[in-house]
Amino acid sequence: MTLWLVLAVGLTATLLTFFAFERPAAGVATRFTRYANDAAVPEELTAPGWWEDWRGRAVRSFAPIISKALPSHYVESAKHRLRQAGMYRAAHLQAYLVSQAGLGGSFALTGLVLGGRAGVLWATAGFAVGFLVPHVVLTVLVKRRQDQINSALPDSIDLLTACVEAGLGLDAAIAQLTRRRSPQSKSLNQEFTRYLSELQVGVGRGAALRALGGRSGVEDFRHVVTALVHGDALGVGVAQILRAQAQHLRLRRKQRAEEKAMKAPIKILFPLLFGIFPSIFVIILGPAALRLMDNFIGKFS
């Protein structure tokens, strides 16, 4: 009975943490946004249902307690990592902390009940594993988003250069760039959209550009933004800076592709040794081994 109770509690906590992050907008809201040409979606189309409302209340209730129990520098680090993954809202941080505490608590309770005499040790290990699962997932999301930004950055800078040389200002060129709807440039457009939003609320261009370069954690993107900040301070033409940075980014993309190509033989070495070569040896040497066994048995029979 106790085992089933522990499993039920763990499953409930897992489901709660799995659905803690906000889901995409409903189909009606998505179609409204598409056909209304990016107009604001009415509130009644995006109002949360009973499950989302209950989930949000639970997360908002536990999040302040968990954030106070954790060190402040850890909370700030988690907030920074969430921003690198494209999650800026306070609800994202709350859901992340609740996910870590919920999974850690459920794993610890399961280890305490099933561990027997070493229950405390298993509970400690279970809490550590459950606490680290959201961190690993977030690390994967951050790495995927940074790869998307790195992949889309050279072409986007080329387009910015063309827009600036056509007579647009930097902000107008960035606004033109954010109208692209390609999946490859989604993450980069999200960063540019936030930059334009900061300008609209009164943040200075230099501060907004520095924040733009530091949010994503992409080194090449930070270099581009730093060059724009210095060029703006020194009076250098934006088109000239963008053209030089686009050339450098194309070179960097070529170097990364060559680096991955050089790593490929090493990465396929272990699958070859442990997956393909044993099968080849069985196919080639198997009949010979069977024939030798038959000769050996026939000689002593």
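The values are calculated or read from the model by the stated rules, or taken from the named source; none is laboratory data. Since the structure is predicted, the reported quantities are computational estimates derived from the model, not experimental observations. Methodologically, a virtual Cβ is constructed for each residue, glycine included, from the backbone with ideal geometry; neighbour enumeration extends over all protein chains shown. Protein only, heavy atoms only, side chains kept; ligands, DNA and RNA dropped before computing areas. Shrake-Rupley method; radii C 1.70, N 1.55, O 1.52, S 1.80 Å.
Restricting to region 190-205, name every residue that is of a type in the set (S, T, N, Q) and in contact (Cβ under 8 Å) with a residue 24 or more places away in the chain. Steps first, please.
At the first step, the residues of region 190-205 found to be of a type in the set (S, T, N, Q) are 190, 193, 197, 200.
Answer for region 190-205, where residues must be of a type in the set (S, T, N, Q) and in contact (Cβ under 8 Å) with a residue 24 or more places away in the chain: just GLN190.
Cβ contacts < 6 Å: first residue touching a residue at least 60 places away in the same chain (Cβ under 8 Å), restricted to region 128-154; second residue among the polar types (S, T, N, Q) and assigned to a helix (DSSP H, G or I), any location; separation 6+ or different chain. Result?
PRO134/SER99; PRO134/GLN100; VAL142/GLN84; ARG145/SER187; ILE149/SER187
Are any residues in region 138-159 among the aliphatic types (A, V, I, L, M) and open to solvent by 50 Å² or more (accessible area, probe 1.4 Å), and if so, which ones? So that I can check it myself, show each step before the final result.
Just the residues of region 138-159 that are among the aliphatic types (A, V, I, L, M), to begin with: 138, 140-142, 149, 152-153, 157, 159.
If the condition is that a residue be among the aliphatic types (A, V, I, L, M) and open to solvent by 50 Å² or more (accessible area, probe 1.4 Å), then VAL140, LEU141, LEU159 are the ones that fit.
Taking region 78-91, which residues are within 20 Å of VAL140 (Cβ to Cβ), in a helix (DSSP H, G or I) and open to solvent by less than 60 Å² (accessible area, probe 1.4 Å)?
Listed by number, the residues that qualify are ALA78, LEU82, GLN84.
May I ask you to verify whether GLU259 is of a type in the set (Asp, Glu) and surrounded by 11 or more Cβ atoms within 10 Å (Cβ to Cβ)? Step through it out loud before you land on a result.
Details: of a type in the set (Asp, Glu): yes; surrounded by 11 or more Cβ atoms within 10 Å (Cβ to Cβ): no.
Judged against the criteria, GLU259 is not a match.
Cβ-Cβ under 6 Å, sequence separation 6+ or interchain: first residue in region 224-251 and over 17 Å from SER151 (Cβ atoms), partner open to solvent by 90 Å² or more (accessible area, probe 1.4 Å) and not β-branched (Val, Ile, Thr). Which pairs?
ALA239/GLU165
With the structure loaded, tell me whether ASP220 is closer than 19 Å to ILE157 by Cα and at pLDDT below 85 or whether it fails that test.
Taking the combined requirement at face value, the residue does not satisfy it.
State yes or no: is VAL28 among the β-branched types (Val, Ile, Thr), in contact with a helix residue (DSSP H, G or I) (Cβ under 8 Å, 6 or more places away or on another chain), modelled with pLDDT under 70 and loosely packed, with under 14 Cβ neighbours inside 10 Å?
Values: among the β-branched types (Val, Ile, Thr): yes; in contact with a helix residue (DSSP H, G or I) (Cβ under 8 Å, 6 or more places away or on another chain): yes; modelled with pLDDT under 70: yes; loosely packed, with under 14 Cβ neighbours inside 10 Å: yes.
Yes.
Could you list, in sequence order, all residues of region 92-117 that are open to solvent by less than 40 Å² (accessible area, probe 1.4 Å), more than 17 Å from ARG60 (Cβ to Cβ), in a helix (DSSP H, G or I) and of a type outside the set (S, T, N, Q)?
Taking region 92-117 and keeping what is open to solvent by less than 40 Å² (accessible area, probe 1.4 Å), we get 92-93, 95-106, 108, 110-111, 115.
From the residues that got through so far, the ones that are more than 17 Å from ARG60 (Cβ to Cβ) too are 103-106, 108, 110-111, 115.
Filter once more, so that each one left must be in a helix (DSSP H, G or I): 103-106, 108, 110-111.
Matches in region 92-117: LEU103, GLY104, GLY105, ALA108, GLY111.
Taking region 160-182 on its own, how many of its residues are open to solvent by 60 Å² or more (accessible area, probe 1.4 Å) and part of a helix (DSSP H, G or I)?
Residues flagged as open to solvent by 60 Å² or more (accessible area, probe 1.4 Å) and part of a helix (DSSP H, G or I) within region 160-182 amount to 2.
Any idea how many residues of region 197-221 are part of a helix (DSSP H, G or I), aliphatic (A, V, I, L, M) and crowded, with 18+ Cβ neighbours inside 10 Å?
Taking region 197-221 as the starting set, the residues that turn out to be part of a helix (DSSP H, G or I) are 197-200, 205-215, 219-221.
Remaining after also requiring aliphatic (A, V, I, L, M): 199, 207-209, 211-212.
Filter once more, so that each one left must be crowded, with 18+ Cβ neighbours inside 10 Å: 208-209, 212.
The qualifying residues number 3.
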